[in-house]
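The values are calculated or read from the model by the stated rules, or taken from the named source; none is laboratory data. Bear in mind that the values here come from a model prediction, so they are computed numbers and not experimental data. Because the Cβ atoms are built from the backbone with ideal geometry, glycine has one as well, and the counts that use them run over all protein chains shown. Please note that ligands, DNA and RNA were not included when accessible areas were found on the heavy atoms of the full protein model with its side chains. Shrake-Rupley method; radii C 1.70, N 1.55, O 1.52, S 1.80 Å.
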Amino acid sequence: MQQLDFDDNALALTLYGEQGGNLKLIEDALRVNIGARGNRLNISGDEDAVALAGMICRQLYELLEHGYPLNSADVEQAITILSEDDAASLSDIFLDRLSVKSGRKLITPKTMGQKLYVDAIRNNDIVFGIGPAGTGKTYLAMAMAVHAFLHEQVNRIVLVRPAVEAGERLGFLPGDLEAKVNPYLRPLYDALYDMLSFERVERLLERGIIEVAPLAFMRGRTLNEAFIILDEAQNTTSEQMKMFLTRLGYSSRAVVTGDVTQIDLPEKKQSGLIEAYNILQDIRGIAFIKFTRKDVVRHRLVKRIIQAYETLDQGHKGREAQ
């Protein structure tokens with residue numbers, strides 16, 4: 001059995017969660033028993049599990065001491081992180097704050113993969129974030145773009161997406177250009193409005209400081225002093241990916257995000273994202289970060305759904321190999 005005593009009763013209660021909900025998450029995950037009495041915890045069960053539960057509680061309490069607004073999703077992520085690497089530091093991950101001066105949002109990495117991603121964006125001019133839905137690839141890239149702009153590291157933000165469902169033949173859709181491309185760019189707008197006020201985003205869009213455009217419109221341009229995000233890059237062709245990467249101008253940075261399990265290209269077309277991963281690995285200044293279902297930070301069921309589909313895909317591949 002392990003006994004933990006905390007100095008601040010109020011922080012201890014926050015750690016425990018409403019009706020002890022946070023402690024229940026740890027109990028269920030590690031199969032330990034945690035008894036709370038005031039600012040004291042008694043943890044019993046398997047020796048290794050008790051040690052891990054104690055470590056999780058201590059590190060979560062340290063986050064609270066630093067003013068971190070802990071919630072149940074954070075507790076679940078902490079369990080995952082420390083279960084996989086007991087040398088990990090939750091403070092290094094959760095307290096890496098991507099502050100946005102508008103005060104609208106305080107954004108932090110939630111997993112080790114996200115922390116590596118954020119650090120890669122800081123230290124490289126081109127970063128590829130590859131992984132399943134819900135891992136924060138686009139959202140964190142947007143946060144880094146807004147952060148860079150507000151701290152005057154770049155002069156503009158350019159957000160790009162391939163309109164692959166229309167085969168880039170946007171003329172077949174009704175309405176003007178904006179009406180044609182908006183359905184494909186909506187996820188980028190959603191992230192942007194989550195970080196800056198609607199009025200500020202509209203002003204920046206009107207002045208061209210923030211630009212949201214389909215990938216086809218990047219041809220022939222050179223983008224200087226810009227933070228460029230290419231989202232859904234698995235749906236670029238080889239030619240489109242090469243075109244995009246060669247748009248990078250002086251003092252610019254680019255983040256390319258995609259999920260190679262969600263390719264919507266015609267069967268004979270190779271994904272530009274997969275090709276880039278295969279041929280650009282050894283170029284200095286380019287980093288590749290691969291996310292897994294362990295980095296999913298949406299509803300807990302999303303991880304299980306991804307795992308179920310991965311199992312299905314593996315079964316299909318096994319039968320094809322027979």
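Relative contact order for region 191-317: what percent, with Cα pairs under 8 Å and sequence separation of 6 or more?
Rounded, it is 20 percent for region 191-317.
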Item checked: Probe 1.4 Å, all protein chains present, accessible-area order of L116, L4, largest first -> L116, L4
Next item on the list: May I ask for the equivalent-ellipsoid semi-axes of region 209-322, computed as the square root of five times each C-alpha gyration tensor eigenvalue and listed largest first in whole Å?
Entry: 30, 18, 14
Item checked: Derived scalar couplings ³J(HN,Hα) [region 16-25; Karplus, 6.51 cos²θ - 1.76 cosθ + 1.60; whole Hz; x for Gly, Pro] -> 5, x, 4, 6, x, x, 5, 5, 5, 4
Check: Can you give me the relative contact order of the chain as a percent, contacts being Cα pairs under 8 Å and 6 or more apart?
Finding: 18 percent
Note to self: Going through the cross-link list K24/K115; K24/K137; K242/K268; K115/K137, which pairs have a Cα-Cα distance over 20 Å in this structure?
What the structure shows: K24/K115; K24/K137
Next item on the list: Rounded to the nearest 10 degrees, what's the angle between the helix 72-84 long axis and the longest principal axis of the chain, both from Cα atoms, 0 to 90?
Entry: 90 degrees
Check: So what is the accessible area of the chain per residue, in Å², with the probe set to 1.4 Å?
Finding: 52 Å²
Next item on the list: Figure the gain on full extension for F217 and H66 (residue separation times 0.36 nm, minus the Cα-Cα span) and round it to one decimal in nm.
Entry: 49.8 nm
Margin query: Under the 0.36 nm per residue contour assumption, what length would be gained going from the current alpha-carbon distance of D86 and D264 to full extension?
Written below: 60.2 nm
Note to self: Once the cut-off is 19 Å, how many percent of the Cα-Cα pairs in region 28-92 end up in the long-distance tail?
What the structure shows: 30 percent
Notebook entry, point to check: If r is the Cβ-Cβ distance from R122 to R31 and R0 is 45 Å, what FRET efficiency results, to the nearest 0.05?
Noted result: 0.70
Checklist line | Rg/Rh ratio calculated on Cα atoms of the chain (Kirkwood radius) | finding: 1.03
Next item on the list: Please sort 127-136, 204-213, 257-266 by packing, taking for each peptide the average over its residues of neighbouring beta carbons within 10 angstrom, highest first.
Entry: 127-136, 257-266, 204-213
Check: Under the definition of Cα pairs under 8 Å and six or more residues apart, what whole-number percent is the relative contact order of region 1-64?
Finding: 40 percent
Checklist line | Ratio of the Cα radius of gyration of region 57-166 to 2.2 N^0.38 Å, where N counts its residues | finding: 1.18
Item checked: Where labels lie 7 Å past Cα in the beta-carbon direction, separation of R200 and S44 in nm -> 5.3 nm
Notebook entry, point to check: Which FRET efficiency value, to the nearest 0.05, is calculated for K242 and M55 with the Förster distance at 41 angstrom and r the Cβ-Cβ distance?
Noted result: 0.30
Margin query: Under the rule a/c < 1.5 gives rounded, and otherwise a/b versus b/c splits prolate from oblate, where does region 217-258 land using the Cα gyration tensor?
Written below: oblate
